[in-house]
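Each remark here refers to the structure printed beneath this line.
Values quoted throughout were computed directly from the atomic coordinates according to the rules given, and no laboratory measurement underlies them. These numbers come from a predicted model, not from an experiment. Virtual Cβ from ideal backbone geometry, glycine too; neighbours counted across all protein chains shown.
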Amino acid sequence: MSPGAPLKALSRRLNKRRATWCLVPPITRTLPSFIPRPYSTYSAQPPPELSSAKGALLGALSRNLDKRRETGRILEIPDPVAQANAVDFGSNDVLSISTGLLREELFRELEDHPDFAVGSRGSRVLDGNSRYVTGLEAHLAQSHNAKDALLFNSGYEANIAIWTTIPQPGDVIVYDELVHASIHDGIKGTRTTQVFSFQHNNPASFEEVLRSIKTCHPEIAQGSRTLFVAMESVYSVDGDICPVHQFVNSAKEILPFADRVFMIDESHSCGMIGPMGLGLVCHYGLENEFALRLHTFGKAIGCTGAALFCDPVIKHTLFNYARNFIFTTGPTFMVLAAVKAAHRIIGGAEGDLRRERVQKNISHFYDCLQSHPQWETFYQTGRLRIVEEDWRLHRFRTAVTPLITQPGESRALQAQLLKDGFLVHALQYPIVPLDSERLRIMLHADNTPQQVESFVEAIMRWARQRYYPPRSCKLCDAA
Ligand SMILES: Cc1ncc(COP(=O)(O)O)c(C=O)c1O
């Protein structure tokens, strides 16, 4: 971000707020006044319109659920017992720290702080702040080579806060069409009306959008308004990596005088890519190009929550204006301690070992699949496909390893694999396009080579039974 326009605009906004001594915008809508009736006038029976309301509501909701069931898209609350002993090829805990190593490190952190408060006791803007949380923000900012950091209860909340608060009316937002739902939801609530998408990971499409902005929005080209660009480092559905250099360079070339604010969501690269797992931006040394970097802690970090790396003015603006930051209880000590403990693990030699094991498991999985005697048959007939044909050539292999099935088949494969003792998740339309329904396989540090081999064998066994079931013999059946 160039130092000029946007930070000045945000600072002016903060100063206005300082002048009014009001942290939170007043609620401008007036509520209709409620005049209570004398108690005696309430009858024991609810009025007829209320008694039927419950039935009407549940009826309407049930019909919605039935519709979803009919299209095969109903989500059921997973059975924790069935999943408990399954081998993990599904969870986001890709470094496999959450259920063991991190617990031990967390206990050590708790022992060092025996007087911790269990609850955070309020919003961060009131009593939910502490030396521990500000210290953790400073530590994370320093290790990620950022000016400042702001912690959120979740990545979802962080994206809502960023996009509803930071872009100002008249600014322009450009985003990759496949960014996470939380970015889409944040952008839906944004204060600018100028929002454009470009085709997924496609620099040519991005450049086309920028050229039309250059023509139609001179205020962006001249730098008096700000251009925001939203992307992810690793996309959560295909596991593909963003060509960050190309996007940054194209924007510089096409809009050299623009005030550019690049935002990157590093949910799937933090902990996994770069020195000490610091992410894609740190790996390439592009910290100055990305004014907003979001790291979420629910994946390789093995915890919950998120950190936004940004300028202190942006942090202060979020602290003052992001309603979902202000009107909610801050993160608890337990969560913060877990985040700190996790960063100790992933930033050390153990983290390196685990990242290496994930890489080996990804290669082993693809090798087992592609060398399986029946793979070619299923692959040629389009019954099973992988997205990354040339996975060997990739500089980074990401733990997200999709296996495309035929439409309507992924749930059945997922269910059979669970029966066989493997936990994995199916992604269906509308999360993915109709013709690329899939299993979203996550390879983990603690998956053993034998588990990977048995998992591949179970997939191929399902495919054999599904597409080439043994013919029944009338004579045998009769006997
Ligand atoms: C790219 C991306 N951003 C944001 C989120 C939301 O993060 P959280 O689970 O911490 O709310 C996710 C989670 O799936 C994600 O994949």
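Say each of Arg471 and Lys188 gets a label point 7 Å from the Cα, pointing the same way as Cα to Cβ; how far apart are those two points in nm?
5.3
Could you order the peptides 240-249, 441-450 from most to least packed, using the average number of other C-beta atoms within 10 Å per residue?
Per-residue mean Cβ counts within 10 Å order the peptides as 441-450, 240-249.
So for the chain, averaging the separation of alpha carbon pairs under 8 Å that are six or more residues apart and normalising by length, what relative contact order in percent results?
Normalised by residue count, the contact order of the chain is 21 percent.
Each residue of the range 88-97 in turn: what ³J(HN,Hα) in whole Hz from Karplus with 6.51, -1.76, 1.60 and θ = phi - 60°, glycine and Pro shown as x?
Once θ is set to phi - 60°, the couplings for the range 88-97 become 7, 10, x, 6, 7, 7, 5, 8, 6, 9 Hz.
Sort Asp390, Asp311, Asp171 by Cβ crowding within 10 Å, fewest neighbours at the top.
In increasing order of surrounding Cβ atoms, one gets Asp390, Asp311, Asp171.
Kindly provide the chymotrypsin sites (Phe, Trp or Tyr not before Pro) of the range 352-391 that DSSP labels as loop, not H, G, I, E or B, and whose Cβ sees at most 12 other Cβ atoms within 10 Å.
none
How many nm is it between the label spots at Leu57 and Asn288, if each spot is 7 Å from the Cα in line with the beta carbon?
Distance between the two pseudo-spin positions: 5.6 nm.
Order these by the 10 Å Cβ neighbour count, fewest first: Cys216, Cys282, Cys368.
Ascending Cβ contact count within 10 Å gives the list Cys216, Cys368, Cys282.
With the cut-off at 19 Å, tell me which of the pairs Lys299/Lys340; Lys299/Lys419; Lys8/Lys315; Lys188/Lys252 have Cα atoms farther apart than that.
Lys299/Lys419; Lys188/Lys252, as the Cα separations exceed 19 Å there.
Pairs of Cα atoms under 8 Å, at least six residues apart: use those to get the relative contact order of the range 403-453, whole percent.
40
Would you grab the residues whose amide H sits under 5 Å from the one on Asp148? Only those 5+ places off in sequence or on another chain, please, with H modelled 1.01 Å from N.
Counting only residues 5 or more places away or on other chains, the set is Cys310.
Share of antiparallel DSSP beta bridges in the chain, in percent to the nearest 5?
50
Put +1 on the Cβ of each Lys and Arg and -1 on the Cβ of each Asp and Glu in the range 295-413; which of Ile301, Gln374, Val358 then has its Cα farthest toward the positive end of the dipole?
Ile301
Where the only charges are on Cβ atoms (+1 Lys, Arg; -1 Asp, Glu), what is the dipole of the range 163-272 about its Cα centre, to the nearest 20 debye?
In debye, rounded to 20, the range 163-272 gives about 420.
As an exercise, use a Förster radius of 35 Å and the Cβ-Cβ distance of Arg131 and Glu253 to find the FRET efficiency, rounded to the nearest 0.05.
FRET efficiency, Arg131 to Glu253: 0.15.
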